[in-house]
Amino acid sequence: MKFTQTGTFRENTLDELTTLNINEQIDIILLDKLDYFVGFLAKEKPEKITDYIKNLTKKYQGLVEEDFLKNTSGEFQEILTKYKNLNQYPDLNKASLNYFIHLLLLEDKGAWEKNEVEISMKALIQAWTYPSYYFIEVLAETIDRQEAVKLFKRYITRYYIDNPSPDRDEFFSLEKMVENRLSGDTTSSEWILVHTMLEEGKYAFKNENCPTCVDATIDLPDVEFKYLVCCYGDYEKFRAFYSDHIILTMEHTLMEGDPYCSRVLHDTRIDYDLCHPPKEFWDNFKPGNEEEAMKYYKK
């Protein structure tokens, strides 16, 4: 068994620039999840949906000073017509879009309807995560917090069940996945990971850093909500992206203050033993330390 590290630490990753086509990406970044969540909540808590919509609209409005939608084009309006849940709440629709554009921190405030805009990675990650953070924060303010957490977990799980990856049929095996991840240039990524196949059908990997969500959401105060928005969905996401046979176990996360994220993907076609190695294994999970780490495996 061999432990292999990939990735290279880069300073100021969040300051790096990327291009975004808002008209093409706003669905997957914001609108798909918001529309699904509104529909989910309307079914699960019909007696609270009116209050929730009012409160979320007010929250987004309070976070933005400018109105970016004064002269919205017909092309952009057409994007919105397919969202049957959101279209019932035009004030929320407008407030959420205004907040999304606000998060992009565009130097040219009128540039957001162009084919492509240049934004920082930090702005992009915040556009992905901040709106969902307020989904659950406002829900916890509208109903009991514990119930809100349970509902959000069910929502994000159902979302990925109902929206599997179109490339899902291409998955073959975890062994092949690891082979691909360890081939070619393994140093260019800013994500520092350690990988190994623990045994057939069990792929362990440890995130030494999180250059996106952890760093980009540092200003958001509620750690539990950030974990739910950024990490909890991974449990169903791996199944949705690869196969119903793939189950993730995860017991430590950087988001919750641990020194790493510990993850194992289990292929249940081979073995349904979902045992997650103990902390002592993960503490020693680094290249050259194979013998010491394996002392703790399955203990």
- Message: Suppose a student asked you for the relative contact order of the chain, using Cα pairs under 8 Å spaced at least 6 residues apart; what percent would you report?
- Response: 23 percent
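How much length, in nm to one decimal, is gained on full extension between GLU190 and PHE171, taken as 0.36 nm per residue of separation minus their Cα-Cα distance? Walk me through the numbers on the way to the answer.
Values: separation 19, 0.36 × 19 = 6.84 nm, distance 2.47 nm.
Separation in residues times 0.36 nm, less the Cα-Cα distance, equals 4.4 nm.
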- Query: How many percent of all Cα-Cα pairs in the chain sit more than 37 Å apart?
  - Reply: 21 percent
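If you place +1 on the Cβ of every Lys and Arg, -1 on the Cβ of every Asp and Glu, and leave all else neutral, what size is the dipole of the chain about its Cα centre, to the nearest 20 Debye? Numbers along the way, then the final one.
On the way: 36 positive and 54 negative charges, 173 e Å.
Using only the charged Cβ atoms, the result is roughly 840 debye.
Rounded to the nearest 500 deg cm²/dmol, what is the calculated helix-only ellipticity per residue at 222 nm for the chain, with -39500 (n - 2.57) per DSSP H run of length n ≥ 4? Walk me through the numbers on the way to the answer.
Values: 13 runs with 128 residues, N = 299.
Computed ellipticity for the chain at 222 nm equals -12500 deg cm²/dmol.
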- Item | Sequence of GLU179, GLU16 when ordered by accessible area, the most exposed leading, probe 1.4 angstrom | GLU179, GLU16
- When the chain is modelled as a GNM with alpha-carbon springs shorter than 10 Å, which of ASP244, ASP271, ASP32 fluctuates the most? ASP271
- GNM on the chain, Cα springs under 10 Å; top mean-square fluctuation among PHE40, PHE172, PHE68 goes to PHE172
- Quick one: putting +1 on the C-beta of Lys and Arg, -1 on the C-beta of Asp and Glu, what dipole do you get for the stretch 216-287 around its Cα centre, in Debye to the nearest 20? 220 debye
- Of THR187, TYR160, PHE281, farthest towards positive along the dipole that unit charges on Lys, Arg, Asp, Glu beta carbons give the chain: TYR160
- Can you work out the accessible area per residue across the stretch 60-217, with the rest of the protein chains kept in place, probe 1.4 Å, in square angstrom? 51 Å²
- Message: From the phi angles alone, apply the Karplus equation (6.51, -1.76, 1.60; θ = phi - 60°) to the stretch 231-244 and give each ³J(HN,Hα) in whole Hz, x where the residue is Gly or Pro.
- Response: 10, 4, x, 4, 4, 8, 4, 5, 5, 5, 8, 10, 5, 4
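The values are calculated or read from the model by the stated rules, or taken from the named source; none is laboratory data. If you're wondering where the values come from, they're calculated on a predicted model, not measured in any experiment. Cβ: placed from backbone, ideal geometry, glycine included. Neighbour counts: every protein chain shown. Ligands, DNA and RNA are stripped out before the accessible areas are found, and what is left, the full protein with its side chains, is counted by its heavy atoms. Shrake-Rupley method; radii C 1.70, N 1.55, O 1.52, S 1.80 Å.
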